[in-house]
Each structure stands twice: as C-alpha cells, then as structure tokens.
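Q: Before we start, here is the structure in question, set down as structure tokens.
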Amino acid sequence: MGQLKKVPVTRHSYVEVDLQAIQNNVTWLGSLTAAGTRQMAVVKGDAYGHGAVEVARALSGKVSWFGVANVAEAVELRNAGISENIMVFGVPDEETAPLYENHNLTAVISHPELIPILPDGVNAHLLFDTGMGRLGLQPDKVDEVQNALKQSNIRVSGIMSHFPCSDDPDSAKTKHQLELFREISARFPAEWDRHIHNTGGILYHYESDVTLVRHGIGMYGYDPGPNPRDELTPALSWKSKVVQCKPLKKGQTISYGARWEADRDGWLLTVPVGYADGLPRNLTGKISYRVGENELPVCGTITMDYTMLFSDDPVEPGTPVTVLGAEANDARILAEASGTITYELLTRIAAKVPRVFKQV
Ligand SMILES: *Cc1c(COP(=O)(O)O)cnc(C)c1O
C-alpha cells in the first residue's frame, strides 16, 4: 500500500466566497428579465474561480440551467449531485459523445458534422454564429442543418447565439445580432428555447423574446460594462496574513531587481501571495493591500510566492491581509491595474489557493 499523504494544515492564503452574495446577484439579474424567463448560471472556469460545485449547490433550485465549458466540468457537477439541466458549450467529439448520454448533458451543436456524432436521444441546442466569430453554425445554413436533423434522432429543443460586444451599452453590432437571431429563430419551432443574452446582454441589450438568459460575471458581482453597479455584490475575497515584519532603513531596496528603494526608515512586511498563486506580477507598484485597518502599498517586484509591503509602523505577524475583496481592491480594480479584465483576474487565482465558503 502506498503511503497516505498528509493534508497540509498550512494555508498561506485563501479565497473566501460569499454564496449569499451570488444568490442575491442571481435574484437581481432575474428581476431584470420578463416573467417566466429562465436563468442559466454559467459556472465554467470553476465558476470564474469561485468553486463550481459549491456555487452550483448554492444555486440549485434557483436556476434551471448550469452552463459549463466542457464535459469534464459537467461530469464534476453531476458527480456532486447537481440534477438541473447542464449545457456543455464546448464541441463534442467521438470520445466525449457517449458522456452526454450517460450524464444527461445538453450538447451545443456548432457545426453540422457534429449531429451524427451524438448518440440518439441526446438533448441539444443549435448555436448560430451571428457575429461572435468563434464557434457556431453560419446563419445561411439553416436549410442544411434542418436536413441533417431529419436524418438524426437527437433531441434538439433550442437555438442560441452569443454576443461579443454586449458590455458596450451603445453596441450597434449587438442590435444587429438581435435582429439576425430573431430571423433565424422564426425558422424553428416556436416552442423551442431561444437564448443569446450574457450578463452584458441582460444589463444593456435586453429583449424579452428569449426564453432563457445565461449569466456569468454578473452572478459573481461584476458589471462587464464601463461602470461598477451597486446592485451587484462581488462575492470573492482573497485573504492572507503578514508572515514577517522587520525594520527597513532608508536606502535599502526590496525584492528582485532592487528596483524599489526606501525613501525613509520604516518596516518591511512580507505576505505569502505571489504570481504562482495567480496574482499578476505586473501589479508591482500599482496596488495596495488592506492590512488590519490600513492600506499599505505593494513595494518591490511581486515574486513567485511573496509580496512585500512598506509600513511606517510595525505590524504584528499574523495580522490579516486582504489582497482582493469588499474592504480592499475588488477584482475590477486589480484587473484594470493589470491591464486585463475581471474575468481573467478571477479565473487565474490558482486552484491551489483553498476556497472557503461563507455559509448561506
Ligand atoms: C461565458 C459565457 C456566458 C456568460 O458570459 P458573462 O459575460 O460572464 O455573463 C454566456 N454564454 C456563453 C456561451 C459563454 O461562453
């Protein structure tokens, strides 16, 4: 028998997820849609870094669908006992096709050649590319798709599309896509599902002639558009603690490259969060952490496992630090400082950083 590995009790930093905030965000997003419109909670990318299984459990019974990127993510949810509809956005192939049947997953058909691959009886929706420019059937191929479906015994019950620019409130492209989607929808049975709205679509381009909306980033508390939104509460906080505090003399430098030099005497604090944990290294010099009651600037290059802070006063080792969260930077602020988007910042927090869930 192999040796059992000890579960590490050390926790350098951890992510705290407020499941109640996610529930409230889902309720609010739902209130923006017409009565009877169903909601799909998008939990791909481990629920944008929040922990897919726990988020799905917290939303079970509150949404009618979950959306994931691939079959592996879907099977994880089924194994955790999630019984709602699960849509797999990704492309089925010969190897994964049986899993759609075994786990009762809804496939997305984004190419006519995928239709014969899927086992009889599998549920599917048709994805049309109305302007996203990624996956999807060409809008002028409706006849071809309908013919291919006649030869098949899969159960298609919806059509869908996706917006690339819905975070822009003035997007003309999005308006055009809505029109095109309506034209395509008219060629399929009226009782089928129709869905195209992501969070930006719900917030800025909502049209009530859809049966379902698919929200990701909004559920986690962020408006993808130009401004934060009070009605949405960010659900994720990233916390750590000071592991060391030592005196720093004017003229001393901090971290690799010796690029930061103390302009006065003070204290050097070390916090065990670095780029191996998913903190972008290019946030060096651009952010502060919340340490106890104070905001202290990140000084010197962010390293693989540590960030250093400068303080005028000594700080007790063990003092709590908030890297990201309600009382400090939110993910939008960090993403902007890092030159990326909230989605990437959140999903790049490493899987090794434990997720802790505030109970609902
Ligand atoms: C990720 C994704 C969504 C959710 O997008 P948000 O902008 O996070 O709301 C919806 N639909 C599809 C197909 C997606 O891939």
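Q: Looking at R134, R214, which is the one that is charged (D, E, K, R) and either surrounded by fewer than 16 Cβ atoms within 10 Å (Cβ to Cβ) or more than 24 Å from the chain's Cα centre (by Cα) (or both)? Before you say what the answer is, go through the steps one by one.
A: Values: R214 fails: either surrounded by fewer than 16 Cβ atoms within 10 Å (Cβ to Cβ) or more than 24 Å from the chain's Cα centre (by Cα) (or both).
It is R134.
Q: Let me ask something additional. Wholly within the range 206-312, which strands (runs of 3 or more DSSP E) include no fewer than the required count, namely at least 3 residues that are touching a residue at least 40 places away in the same chain (Cβ under 8 Å) and hydroxyl-bearing (S, T, Y)?
A: Numbers: elements: 212-215, 236-241, 244-248, 266-271, 288-291, 294-297, 307-311.
Here the list is empty.
Q: On the basis of being among the aliphatic types (A, V, I, L, M), farther than 20 Å from P164 by Cα and either touching a Gly at 6+ places or on another chain (Cβ under 8 Å) or in a loop (DSSP other than H, G, I, E, B) (or both), does I115 make the cut?
A: Working: among the aliphatic types (A, V, I, L, M): yes; farther than 20 Å from P164 by Cα: yes; either touching a Gly at 6+ places or on another chain (Cβ under 8 Å) or in a loop (DSSP other than H, G, I, E, B) (or both): no.
Here the answer is no, as I115 does not meet what is asked.
Q: Among the residues in the range 155-166, are any of a type in the set (K, R) and under 23 Å from P92 (Cβ atoms)? It would help to see each step written out before you state the result.
A: So in the range 155-166, the residues of a type in the set (K, R) come out as 155.
Okay, now just the ones that are also under 23 Å from P92 (Cβ atoms), so 155.
Within the range 155-166 (the criterion being of a type in the set (K, R) and under 23 Å from P92 (Cβ atoms)), the answer is yes, since at least one residue qualifies.
Q: Can you name the strands (runs of 3 or more DSSP E) wholly within the range 1-103 that have at least 1 residues being within 16 Å of the ligand (Cβ to nearest atom), within 14 Å of the chain's Cα centre (by Cα) and buried (at least 21 other Cβ atoms within 10 Å of the Cβ)? Give the steps one after another, and end with the answer.
A: On the way: elements: 13-18, 38-42, 65-68, 85-88.
Ranges flagged: 38-42, 65-68.
Q: Okay, next question. Among the residues of the range 218-237, is any closer than 30 Å to H195 by Cα, modelled with pLDDT under 95 and among the hydroxyl-bearing types (S, T, Y)?
A: No, the range 218-237 contains no residue that is closer than 30 Å to H195 by Cα, modelled with pLDDT under 95 and among the hydroxyl-bearing types (S, T, Y).
Q: Now, a different point. So which of G300, G251, G292, G266 is crowded, with 21+ Cβ neighbours inside 10 Å and either among the aromatic types (F, W, Y) or over 16 Å from L324 (Cβ atoms) (or both)?
A: On the way: G251 fails: crowded, with 21+ Cβ neighbours inside 10 Å; G292 fails: crowded, with 21+ Cβ neighbours inside 10 Å; G266 fails: crowded, with 21+ Cβ neighbours inside 10 Å.
Exactly one residue qualifies, and that residue is G300.
Q: Here's another thing I want to ask about it. Would you pick out the residues in the range 217-229 that are farther than 14 Å from D330 by Cβ and either surrounded by fewer than 22 Cβ atoms within 10 Å (Cβ to Cβ) or away from the ligand (no atom under 13 Å from the Cβ) (or both)?
A: Answer for the range 217-229, where residues must be farther than 14 Å from D330 by Cβ and either surrounded by fewer than 22 Cβ atoms within 10 Å (Cβ to Cβ) or away from the ligand (no atom under 13 Å from the Cβ) (or both): G225, P226.
Q: Moving on. Residues being surrounded by 22 or more Cβ atoms within 10 Å (Cβ to Cβ) and within 13 Å of the ligand (Cβ to nearest atom): count how many of those fall in the range 178-204.
A: 8
Q: While we're here: Being in contact with a helix residue (DSSP H, G or I) (Cβ under 9 Å, 6 or more places away or on another chain) and not in a helix (DSSP H, G or I) is the filter here, so list the residues in the range 139-155 that pass it.
A: Q151, S152, I154
Q: Which pairs turn up if I take residues in the range 140-161 that are more than 24 Å from L212 (Cα to Cα) and look for partners that are of a type in the set (V, I, T) and part of a helix (DSSP H, G or I) with beta carbon separation below 6 Å, at least 6 apart in sequence or on another chain?
A: The qualifying pairs are A148/I115; S152/I115.
Q: Which of the residues spanning the range 118-131 are at pLDDT 95 or above and either buried (at least 16 other Cβ atoms within 10 Å of the Cβ) or under 23 Å from the mean Cα position of the chain (by Cα) (or both)?
A: Hits for the range 118-131 are L118, V122, N123, A124, H125, L126, L127, F128, D129, T130.
Q: If you don't mind, another one. P234 - would you say it is more than 15 Å from the ligand (Cβ to nearest atom) and within 18 Å of T322 (Cβ to Cβ)? I'd like the intermediate steps shown before the answer.
A: Working: more than 15 Å from the ligand (Cβ to nearest atom): no; within 18 Å of T322 (Cβ to Cβ): yes.
No; evaluated as a whole, the condition is false for this residue.
Q: Here's a check for you: in the range 1-33, which residue that is of a type in the set (V, I, T) and more than 25 Å from G325 (Cα to Cα) is modelled with the highest pLDDT? Reasoning before the result, please.
A: Kept after step one, since they are of a type in the set (V, I, T), are these residues of the range 1-33: 7, 9-10, 15, 17, 22, 26-27, 33.
Narrowing the set further to residues that are more than 25 Å from G325 (Cα to Cα) leaves 7, 33.
Values: V7: 31, T33: 97.
Ranking the qualifying residues of the range 1-33, first place goes to T33.
The values are calculated or read from the model by the stated rules, or taken from the named source; none is laboratory data. Small disclaimer: the values here were computed from a predicted structure and weren't measured. Please note: Cβ atoms are built from the backbone with ideal geometry, for glycine as well, and neighbour counts cover all protein chains shown.
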